[in-house]
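Below is one structure, written out as C-alpha cells; comments come after it.
Read-outs: derived from the displayed coordinates by stated rules, not from any lab. This one's a predicted model, so the numbers in the text were calculated from it and none came from an experiment. Every residue, glycine among them, receives a Cβ derived from its backbone with ideal geometry; neighbour counts consider all protein chains shown.
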Amino acid sequence: MTALPETGPGVGPRGPYVRGAIGALRYRLTGHRMPLALTARITWRCDALCAGCGMPNLTRPELSTQAWVGVLDDAARLGCVRVCFTGGEPLLRDDLGDLVDRCAALGLATTLETNGARLGQRARFLRSVGQVMVPVEGRPEVHDALREPGSYASALAGLNAARDAGISISTVTTLCTKNSDPEDLNAALQTAERLGGTAMFQLLHAEAPLASRAARRLHLAPDAMRAALQWVLGAQAAGRPVGVSEQTLRYLMTWPDLATISLTTPHEDVLCSAGNLHCVVDADGAVLPCVLRVPPAGVRGPNVADAGFAAAFASLVEQPCRACAVAPLVEYNYLLNLDRRAMVARLRQVRTPLSPWSAA
C-alpha cells in the first residue's frame with residue numbers, strides 16, 4: 001500500500017461534503033465526470049436467504065484486498081467523496097476493516113450495508129465507518145418471514161453493537177406486500193427511534209437485476225405503494241427520524257408502476273447522474289453506472305482488472321434510461337443535482353462529520 005498524508009485538502013472531517021458540492025457544481029458547469037459516490041459490492045457471498053434477493057445464487061470470482069485498495073485510491077484521486085460497502089454480506093470478507101480504514105485515511109465518507117448478524121464480533125474493528133445500515137422489515141415476525149427465522153434478533157443485536165461502538169446507525173425497510181401496512185411501518189420506525197438512529201425506506205423491485213423470483217409476487221401495486229409512502233411522509237412531517245428526503249418520497253409516489261423499474265424518458269425534474277457522478281464496482285471488478293445497468297450475459301463491460309478503475313470509469317457510456325424508482329439512486333440524483341431542499345434535509349441528518357450523503 002502507498003503511504004497517505006495525515007493532513008491535506010479534503011482529509012479533514014468536513015472535506016467530503018465540500019468536495020462533493022464542488023464536484024457536482026463543476027459537472028454542471030463543464031461536464032467533467034468524476035465518481036463522487038462509489039458503491040463497492042465487495043462480495044457476492046451471503047449468509048442469509050431473503051425472499052426478494054437472488055444474489056446468493058451467484059458464484060463469481062472476487063477482487064483481492066490489494067485490488068480493492070487500488071480501486072479506492074484511484075477513486076479518491078478522481079474526486080470520490082463517499083463509498084458504500086455492500087454485498088452480498090460484506091462482513092464475510094475478513095479485510096473489510098482494512099478497506100474501511102483506507103477510506104478514512106483517504107478522507108472518504110463511508111457506509112456499510114449489512115444484515116447485522118456479524119456486527120457483534122466486528123463492530124469494534126469498524127469504528128472508521130460513518131454509518132451502518134441494517135434491514136428491519138417491520139414487526140419481528142414479519143421481518144423473520146421475509147428474511148430468515150431469528151434474523152430480527154440478530155439484526156437488532158448488530159444495530160446495538162454498532163451504536164455501542166459509536167457508529168451512526170440506520171434501519172432499512174424494503175416496502176413490499178408483506179410489510180406496507182402502518183403497523184409494520186411504525187414498528188420499523190420505532191426501532192430506529194429507540195436506538196437513536198434514522199429509518200430508511202425503499203421499494204422492492206420485481207425486475208431488478210438481482211431480484212429473486214419471489215420478488216415478482218411481493219412488489220407493491222401502485223395504490224398500495226402510494227399509501228405506504230404517504231404514511232412515511234406523514235411520519236416525517238411529524239418530526240420522526242425518516243432518513244429519506246421528502247423530495248425522494250414524493251418522487252417515488254408519482255412512479256407509474258413498480259413492474260417497470262426504469263424509464264427511457266425523464267420522470268419529474270431531476271437528471272440521472274449514473275455513470276457521470278456515481279457508479280458501482282462489483283465483486284469481480286466490473287464497473288457499472290448503477291445497480292440497474294448489468295451487461296447482458298456473455299458481454300464483458302469495463303473492468304478494473306483490465307486497466308484499473310480510472311480507465312474503466314472513463315469508458316462508461318451514456319445509458320438508455322433517464323429515470324428510475326430506486327430510492328437511493330433518486331436521492332443521489334437530487335443531491336448531485338444540488339437540489340437545495342434535499343441537501344438541507346441531508347445535512348440535518350448528519351450525526352458525525354463522516355456520515356454519508358445518502359443510503360445505497
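Helix content alone sets the calculated 222 nm mean residue ellipticity of the chain: runs of n ≥ 4 DSSP H residues at -39500 (n - 2.57) each, divided across all residues, give -11000 deg cm²/dmol. If R0 is taken as 51 Å, the Cβ-Cβ distance between residue 183 and residue 314 corresponds to a FRET efficiency of 0.55.
For residue 64, put the label point 7 Å out on the Cα→Cβ axis and report which residues of the stretch 252-286 keep their amide N under 19 Å from it. The answer is 282-286.
Arrange the following residues from fewest to most other Cβ atoms within 10 Å of their Cβ: 343, 133. Before the final figure, lay out the partial values.
Working: 343 20, 133 26.
The most exposed by this proxy come first: 343, 133.
Would the stretch 89-148 count as rounded, prolate or oblate if I go by the C-alpha gyration tensor, calling it rounded below 1.5 in a/c and otherwise prolate when a/b exceeds b/c, oblate otherwise? Because a/c hits 1.5 or more and a/b exceeds b/c, the stretch 89-148 counts as prolate. Evaluated with a Cβ-only charge set (Lys, Arg +1; Asp, Glu -1), the stretch 162-206 carries a dipole of roughly 120 debye about its Cα centre, given to the nearest 20.
Using DSSP loop states and a limit of at most 16 other Cβ atoms within 10 Å to flag GluC sites (Glu not before Pro), what is the longest stretch of the chain containing no flagged site?
Details: sites that count: 6, 207, 268, 318.
Value returned for the longest uninterrupted segment is 7-206.
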